[in-house]
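What follows draws every value from the coordinates through simple rules; no lab data is involved. A quick note: this is a predicted structure, and the numbers were derived from the prediction, not measured. Glycine also receives a Cβ, built like all others from the backbone with ideal geometry; neighbour counts cover every protein chain displayed.
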Amino acid sequence: MKRQDYISWDEYFMGVALLAAKRSKDPNTQVGACIVDCNNIILSTGYNGFPYGCSDDDYPWDREGDDTKYNYVVHAELNAILNARGRDLKDARIYVDLFPCNQCAKAIIQSGISEVVYLYDKYADTAETVASKKMLTSAGVKLRHFTTDRSVIELKFN
Ligand SMILES: [Zn+2]
């Protein structure tokens, strides 16, 4: 008899997004993304970080002041799209733990991704997220809130 407690595709891909987020050096916000095609093959992953050559030791992670992270950071969704290196993302799905901002929404739409699966939407009331939803909806991108009965997936190295 086969195992019954195997994880679903959604849990698998959201799990990969959450694992990618663990790579982020941002002390406040760690976001991960995973792009998947219609055959459930992972095309790319990404997390929020600075561009190549811009060292985490030289650039600021501050949120306030003269020079903030917002000038430099590449969001998880955009990194995942760029990490796909021009592969065809038409009708792909993107799993991301935090609902995409308006800048990432533009990239998601232009890349051809047709569904956003998100875990939480804690900035729903901000102008950026309102604009994001407006654009994604206009472009016909499906928005789906991820839910599961599982609260944890454990990984062990021993
Ligand atoms: Zn973004």
Assign unit charges at the C-beta atoms only (+1 for Lys and Arg, -1 for Asp and Glu), then state the dipole size of the range 15-88 relative to its Cα centre in Debye, rounded to the nearest 20.
-> 380
By the gyration tensor of its Cα atoms, with a ≥ b ≥ c the square roots of the eigenvalues, what is the shape of the range 1-41: rounded for a/c under 1.5, prolate for a/b over b/c, or oblate?
-> oblate
Relative to the longest principal axis of the C-alpha atoms of the chain, give the angle of the C-alpha long axis of helix 127-138, reported between 0 and 90° and rounded to the nearest 10°.
-> 50
About its Cα centre, the range 58-158 carries a charge dipole, from +1 on Lys and Arg Cβ atoms and -1 on Asp and Glu Cβ atoms, whose size in debye to the nearest 20 is 540
On a 0 to 90° scale, report how tilted helix 9-21 is relative to the longest principal axis of the chain, with both axes built from alpha carbons and the result rounded to the nearest 10.
-> 30
The value for the range 1-69 (convex hull of the alpha-carbon atoms, volume per residue, Å³) is 121
Estimated [θ] at 222 nm from DSSP helical runs (n ≥ 4, -39500 (n - 2.57)) normalised by residues in the chain, nearest 500 | -8000 deg cm²/dmol
What's the local net charge at Asp149, with K and R +1, D and E -1, over the other residues with C-beta under 14 Å away?
-> -2
Which order, highest average first, do 132-142, 54-64, 78-88 follow once you tally other Cβ atoms within 10 Å for each residue and take the mean per peptide?
-> 78-88, 132-142, 54-64
Cα shape, the range 1-127, gyration tensor, a/c 1.5 rule | prolate
With Cα coordinates, the longest principal axis of the chain makes an angle with the long axis of helix 102-111, in degrees rounded to 10, of 60
Can you find, among Asn48, Gln4, Thr29, the residue farthest towards the positive end of the dipole of the chain? Put +1 on the C-beta of Lys and Arg, -1 on that of Asp and Glu.
-> Gln4
Of the peptides 143-153, 27-37, how do they stack up when ordered by the mean number of other Cβ atoms within 10 Å, highest first?
-> 27-37, 143-153
Filter the GluC sites (Glu not before Pro) in the range 82-158 down to the DSSP loop ones having no more than 15 other Cβ atoms within 10 Å, then list what survives.
-> Glu154
